[in-house]
1. Given the criteria free of Cβ contacts under 8 Å to residues at least 12 places away in the same chain, surrounded by 15 or more Cβ atoms within 10 Å (Cβ to Cβ) and not assigned by TED's automatic domain parsing to the domain that holds LEU174, does ASN266 qualify?
2. If you check GLN92 against the conditions, is it of a type outside the set (Phe, Trp, Tyr), touching a Leu at 6+ places or on another chain (Cβ under 7 Å) and buried (at least 18 other Cβ atoms within 10 Å of the Cβ)?
3. List, please: which pairs have Cβ atoms under 9 Å, are six or more places apart or on different chains, and start with a residue in region 34-46 that is over 18 Å from CYS195 (Cβ atoms) and in the same structural domain as LYS77 (by TED's automatic domain parsing) and end with one that is polar (S, T, N, Q) and crowded, with 17+ Cβ neighbours inside 10 Å?
4. Restricting the search to region 274-298, which residues are surrounded by fewer than 14 Cβ atoms within 10 Å (Cβ to Cβ), within 40 Å of the chain's Cα centre (by Cα) and in contact (Cβ under 8 Å) with a residue 12 or more places away in the chain?
5. Does SER196 satisfy being polar (S, T, N, Q), assigned to a loop (DSSP other than H, G, I, E, B) and surrounded by fewer than 17 Cβ atoms within 10 Å (Cβ to Cβ)?
6. With respect to ALA53, determine if the residue is in a helix (DSSP H, G or I) and among the aliphatic types (A, V, I, L, M).
7. So, LYS178, is that one loosely packed, with under 15 Cβ neighbours inside 10 Å and either modelled with pLDDT of 95 or more or not assigned by TED's automatic domain parsing to the domain that holds LYS49 (or both) or not?
8. With MET74, MET48, MET57 as the choices, which residue is in contact with a helix residue (DSSP H, G or I) (Cβ under 8 Å, 6 or more places away or on another chain) and within 20 Å of PHE161 (Cα to Cα)?
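The values are calculated or read from the model by the stated rules, or taken from the named source; none is laboratory data. Remember, predicted model here, so these are calculated numbers, not experimental data. Methodologically, a virtual Cβ is constructed for each residue, glycine included, from the backbone with ideal geometry; neighbour enumeration extends over all protein chains shown.
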Amino acid sequence: GNARVVRARLADAEFFYTQDCQQSLESRVPGLEHVVYHNKLGTQAERMKRVKALAGMIAGLIGADAAKAERAAMLAKADLRTLMVGEFPELQGIMGEYYARNDGEAEDVAKAISEHYAPRFAGDALPSTPVSIAVALADKLETLTGMFGIGQMPTGDKDPFALRRHALGVLRMLIEKKLDVSLRGLIERAFAIECSIPGLKDETESLLGFFFDRLRVMMREQGYSAQEVDAVLAKRNSNVLDTPVRLAAVKSFMALPEAESLTAANKRIANILKKVEGEVSDSVSEALMTENAEKALYAAVLKYEPSVKASYEAGRFEDVLRALTALKAPVDTFFADVMVNAEDAAVRANRQALLKRLYAVMNSVAELSRLAK
């Protein structure tokens, strides 16, 4: 009995495949004008024009072939108009890849048609080629910006458009494929394309916040503490690629004996600077220094600034944080011996400027005050 059912299904599939192959994928693209994507966001045809524009732009940023990425994006949903996918919807993308090969499309284009859906679930494999990655990023970013732009953000456990999964997919691609691209830049460009839709609002900030919430969950699942994750994500670093490297650096820094007093000092500095009315100057004057402890701290800041900057720019975050241990003694002495809020306004402003410089040196990798006990 089962064999008869299976044989019948296979015969159907063979018939669908033979019929589908009589028409190229490209010839099916105009049919997407009859497939409604969302009543406020238009048809699948309109949507894929936006994905195509975005895929070409992203390809340029990540070193993929832009023409192939645009071609794959144009064809990516054409298999929704085939008999096979009509009967077996779970084969969307997979059949597109086979039909594209049958049509003689470039291998990268065919592969991207199935891979642009990836990752389909947590832990799923990522797209394997630069062209596939460009189309997958474009498809997910178009969905996210469109839905946020019409106010369809996920609430509580309701997420009908799987936006959390899409955001995680984007983050995984940026981090695991080591893509040196600004997340904010991607979102801004996606909204620039989406804004052709009447009534759509640019929600760059709220979508970026949504991404950082997902990134927070992702990093907590990798075993980092809430404090460690908060300290790194407080930087709102738009290039998320180095998040795991920053976290690893923070974790090893926190194991150092000097970490506790440095993070406590950092919190103290943050509080002092927060209470200052008006702008704190960037320039420090040695002539206004009266205490040995402030001169010693300034000398230490000047000594470590260049090497910290060089290590930071080279992405050696662990070196940056390890260098801070040399500041422990001068910082402790400064707080023991120096009254920051001096009577003399010029001396006071100068000490605040010194602390601002110190704060910048200490907090390039993460907001260390978030790590204070």
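1. Working: free of Cβ contacts under 8 Å to residues at least 12 places away in the same chain: no; surrounded by 15 or more Cβ atoms within 10 Å (Cβ to Cβ): yes; not assigned by TED's automatic domain parsing to the domain that holds LEU174: yes.
Criteria not met by ASN266.
2. Details: of a type outside the set (Phe, Trp, Tyr): yes; touching a Leu at 6+ places or on another chain (Cβ under 7 Å): yes; buried (at least 18 other Cβ atoms within 10 Å of the Cβ): yes.
Yes; evaluated as a whole, the condition is true for this residue.
3. Sorted first by the residue in region 34-46, then by its partner, the pairs are HIS34/GLN44; VAL35/GLN44; VAL36/GLN44.
4. Listed by number, the residues that qualify are ASP282, SER283.
5. Numbers: polar (S, T, N, Q): yes; assigned to a loop (DSSP other than H, G, I, E, B): yes; surrounded by fewer than 17 Cβ atoms within 10 Å (Cβ to Cβ): yes.
Yes, satisfied.
6. On the way: in a helix (DSSP H, G or I): yes; among the aliphatic types (A, V, I, L, M): yes.
Taking the combined requirement at face value, the residue satisfies it.
7. Here the answer is yes, as LYS178 does meet what is asked.
8. Values: MET74 fails: within 20 Å of PHE161 (Cα to Cα); MET57 fails: within 20 Å of PHE161 (Cα to Cα).
The match here is MET48.
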